[in-house]
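What follows is calculated from the coordinates using simple rules that are stated; it is not laboratory data. Being a predicted model, the structure only gives us computed values, none of them experimental.
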Amino acid sequence: LEERLTEAQRMEALGLLAGRIAHDFNNLLTPIGGYLDLVLSGEGLNDDDRSMLDECRYATERAAALVSQILTVGRQHVVAVRAVDAAAAIRSLAGLLTQIAGPGIAFRVHTPAEPPVPAVAIDPTGLEQVVVNLVTNARDACAPGGAVTVTVTVEGPLVVLSVADTGAGMDDATRQRVFEPFFTTKQGHGTGLGLATVYAIVSGAGGTIEVTSAPGQGTTFTIRLPLVDPPAEEAVESPDGSAAAGQ
Ligand code: ADP
């Protein structure tokens, strides 16, 4: 337990530090993006200049997206917690997730149709990010012919959300570091922020996340989120997006 606490504290400190840097960096990005927009909206730019400035604009947008992810990891984002039906939320993401999984991978969603899954208190955009990040990693770990399965169940006072893949799996050394900000084994194209983001969102919602994995055996991430109190029937998000309960 002592070792796990230290690890959690280390991650929290790294996240906070990164979040502070991201915050300052964001303040620098704002005028860069603003002035680029101004120059690009003007007349009299030749094609070469315009295409170079377009590249700069694109790079600024990517930097802003990265900053936003780091702010989430550092818990510096304002989150809009609501009572969310996690099963319905995931069903409505199925199209996007299937697209992320891609053509060579069997993607499935299992959610109980009846009775409705009681609500959990989470930022709905955060929940989406969690599932998208986990399915993206699962896809990356799978060879063609692999399978990725997202399951939602209810266990007592918890909603359990799992993302399982039949991919490459991980050795112990990797598994122990996956939630660490900036830890990646994807040289060149990984940021190492996906699972740190997931961890921050889940623990921010009072939940836990667990990973079981072994080389060649695939990987399962299991998230447990507490049900909202008062009970679900009075607290499910209405279809027009307004929430009946929040935190
Ligand atoms: P990134 O995807 O940018 O590398 P993440 O934080 O999402 O960052 O993941 C960190 C690392 O955890 C990955 O580089 C990979 O080594 C490992 N990992 C995450 N999910 C899986 C998975 N489903 N199967 C195997 N390895 C995984």
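Using only helices, what value at 222 nm comes out for the chain when you add -39,500 (n - 2.57) per DSSP H run of length 4 or more and divide by the total residues, to the nearest 500 deg cm²/dmol?
Details: 6 runs with 115 residues, N = 247.
Mean residue ellipticity at 222 nm (helix-derived): -16000 deg cm²/dmol.
For a quick check, take a GNM of the chain with Cα springs below 10 Å and name the residue from LEU161, LEU16, LEU40 with the largest mean-square fluctuation.
Comparing LEU161, LEU16, LEU40 in a Gaussian network model of the chain, the most mobile one is LEU40.
Send over the semi-axes of region 140-217's equivalent ellipsoid, whole angstrom and largest first, taken as the square roots of 5 times the C-alpha gyration tensor eigenvalues.
Details: eigenvalues 98, 64, 25 Å².
Sorted largest first and rounded, they come to 22, 18, 11 Å.
Test of understanding: in a Gaussian network model of the chain with alpha carbons linked when under 10 Å, which of ALA143, ALA164, ALA119 would top the mean-square fluctuation ranking?
Comparing ALA143, ALA164, ALA119 in the GNM, the peak value goes to ALA143.
Once the Cα atoms of helix 86-101 and of the chain are each reduced to a long axis, what angle between those two axes, in degrees from 0 to 90 to the nearest 10, is obtained?
Relative to the chain, helix 86-101 is tipped by roughly 60 degrees.
Regarding the chain, what's the average projected area of the Cα-atom convex hull, expressed in nm²?
Numbers: hull surface 65.9 nm².
Result: 16.5 nm².
Could you tell me the distance between the Cα centroids of region 8-62 and region 105-162, to the nearest Å?
With region 8-62 and region 105-162 each reduced to a Cα centre, they are spaced 33 Å.
What residue among GLY146, GLY44, GLY33 has the largest mean-square fluctuation in a Gaussian network model of the chain, using Cα springs under 10 Å?
GLY44
Give the value in nm², to one decimal: projected area of the alpha carbon convex hull of region 1-98, averaged over all directions.
Numbers: hull surface 42.8 nm².
Orientation-averaged projected area of the Cα hull: 10.7 nm².
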